[in-house]
Structure formats: structure tokens, C-alpha cells
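The values are calculated or read from the model by the stated rules, or taken from the named source; none is laboratory data. What you see is a predicted model, and the numbers here were worked out from it, not measured in a lab. Because the Cβ atoms are built from the backbone with ideal geometry, glycine has one as well, and the counts that use them run over all protein chains shown. Accessible surface areas use protein heavy atoms only, side chains included; no ligands, DNA or RNA. Shrake-Rupley method; radii C 1.70, N 1.55, O 1.52, S 1.80 Å.
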Amino acid sequence: MFAPKPGVIPLRPLVLGDILEGAFRTVRGNPMATLGMSLVISTLFAIPTLLLTLLITNTAFGADNTGDALVSIANSVGQLVGVFASILLSGMLIVVVAEAVLGHRASIGEAWTRVKPRIWALLGATLLLMLGGILIVAVLVGVTLLAYLAGGEIAAVIVGILAVVAGLALLIWLGTRTMLSPAAVTLEGIGPVRSLKRSWELTRGQFWRIFGISLVTQLLVGMIASMILFPAVLVGMGVLLAGADPDAGIATPLWFVVFMQVMTIISTAITAPFSSSVTGLLYIDQRIRREALDLELMKAAGQK
């Protein structure tokens, strides 16, 4: 059946091909607001990690691996900073996707203007999800510990294996049911708790479909990232081993740490827009299916 297509997707319930094509069209049609913005944000938030690495590695890179230990600390800090960067980037890219659906092109400034008042709500939703994951892991660890105290090592191993399987299944289920919350926060202007409830409502009865599309997306993203990072690792390790001094210990040179950070930034800049576009399109698709959002989008796009 014919459906109007003012932007990157037809305004009807979407299938896998529509969503993937829409994500690619969004990135291709808005390179500055997707790839460019992703590169800028990834670079800006990587600078503190690189500066911290430069600072702490001035102490020593020697045979005692003190430098490597300090770099590990810097990487941990970098991961925390990276969480905030990914939250900000996700929100801004969802704005770009929403405009692309209507056939409009959003600039980086426009995306920032719309996301800026929603940053704390995005952080709050992410924090709630992280706390939920920590709680699940803590409960499963506690159950395993009780099994050890009650039945010994064998019982703990059996319960531990079951706990790992159950924990992974539960985390995947909860993650899928709540994955639309960033889009709800950004596009509907609601708070963290309400956004999680909203995502839960929109994904009701659609777990396997959304999980399948998300899995395919992550496989594609993983392949793209591997194509970027794997050759870089091989080249870096080749240079590292070729210039290695057997008497200087096995600590990682600073240049290699910086090199890998740069390659990670490039990989994120390329893959994050596609992944966020899929999430945004899944949100729009679920609202089309449940709330006839396609009719509102037609009016917004000036179509009858």
C-alpha cells in the first residue's frame, strides 16, 4: 500500500529494511549533523582522558608497570566521561532523526538547542537504568553466596551458572523494554521515570521484534567498528613490537594509548549516528503502530 514519504522513511508501520535504510539515509543526508557532530562530541569528551593520561604517565613507564596501572585509572575515568558523551550525542542525534523523518535537515546548533534543557532528564534515565542493573547483579551475587554458605562449592557453581544466564536474560529484557526512553525524554519533554514508563508502554508485546532489530543493528555496528579498529590494532602492535626494547620492560608506550584513543573516537563517530538513528526510528515506528503518529507526521510535513 502506498504511503507518503516526506523524509527518510515511509509514514506507515516500518519493517527491518525501512528502519535500516532510514538510518543510512539519515546519516548520508545529514553528514555534518550526524558524523560531524559525533566526531566533535567524541573528541571534546576524549580530551580530558588524553590530558589525564599525559599527566599521569609522566611519572614512569617502567618494568614495574606503574605506568600501565595509572593508564588503567585514566581509562576508567574516560569511560565515565564517555557515558556522558554518549548520552548527549544520543539525544542530539535523535533530534536529527526526527527532523529527517519530516524531510528536514537539523543543524548541530538546532539539535543542541533542543537537547540542552533535556540533558539532566537524559542523565537521570541513564542513572536509573544503571542502578537497576547494579541491583540485579547484586541480588544474583547474593543468591550465589547464600548457595555457597548453604551447600558448598558445587552448589555455588551450579547456582552461579544459573544466575549468570538468568541475569543476562533479565538485563537484555529490561534493556530492550526501556531502550526508547532517551527518545521519549528528548522528543516528548518528559522526566526520567516517566520516560522509562513510556518506553515500557511503547514496547509492550513487541519485545522480540525490537530485540531482533536491535541485535541486527549491533552486529552491523560491531562489524563496522571491527573494520576500523582491527587494522589499526595490527598496525599499532606491529610498530610497537618492532621498536620494543627487551630491557625496557613491557609497559605500554604513551603514543600507543593516544593512537588507540584516536581510533576509538573515529570508530564512535562513524557508528554512533547509525545506532542512534535506529533507536529514534524504532521509537517513531512504535508510536505509528500504537498512536497513529503517521497522521500527525503527515500534517507536520505538509501532506494530506
| said: Please go through the range 28-54 and give me each residue that is touching a residue at least 40 places away in the same chain (Cβ under 8 Å), of a type in the set (V, I, T) and either open to solvent by 20 Å² or more (accessible area, probe 1.4 Å) or more than 13 Å from A269 (Cα to Cα) (or both), ordered by number. | reply: V40, T43, T49, T53
| query | Any residue at all in the range 157-169 that is of a type outside the set (A, V, I, L, M, F, W, C) and open to solvent by 50 Å² or more (accessible area, probe 1.4 Å)? | reply | no
| query | I154 fails exactly one of the following numbered conditions: (1) of a type in the set (V, I, T); (2) farther than 30 Å from M32 by Cβ; (3) at pLDDT below 90; (4) in contact with a helix residue (DSSP H, G or I) (Cβ under 8 Å, 6 or more places away or on another chain). What is the number of that condition? | reply | (4)
| said: Taking the criterion of being within 29 Å of A184 (Cα to Cα), part of a helix (DSSP H, G or I) and modelled with pLDDT of 75 or more, would at least one residue in the range 60-81 satisfy it? | reply: no
| note | Picked from the range 99-126 (must be buried (at least 20 other Cβ atoms within 10 Å of the Cβ) and of a type in the set (A, V, I, L, M, F, W, C)), the residue modelled with the lowest pLDDT is A106
| query | Restricting attention to the range 127-148, and to residues there that are open to solvent by 40 Å² or more (accessible area, probe 1.4 Å) and touching a residue at least 24 places away in the same chain (Cβ under 8 Å), which single residue is farthest from T178 (Cα to Cα)? | reply | L140
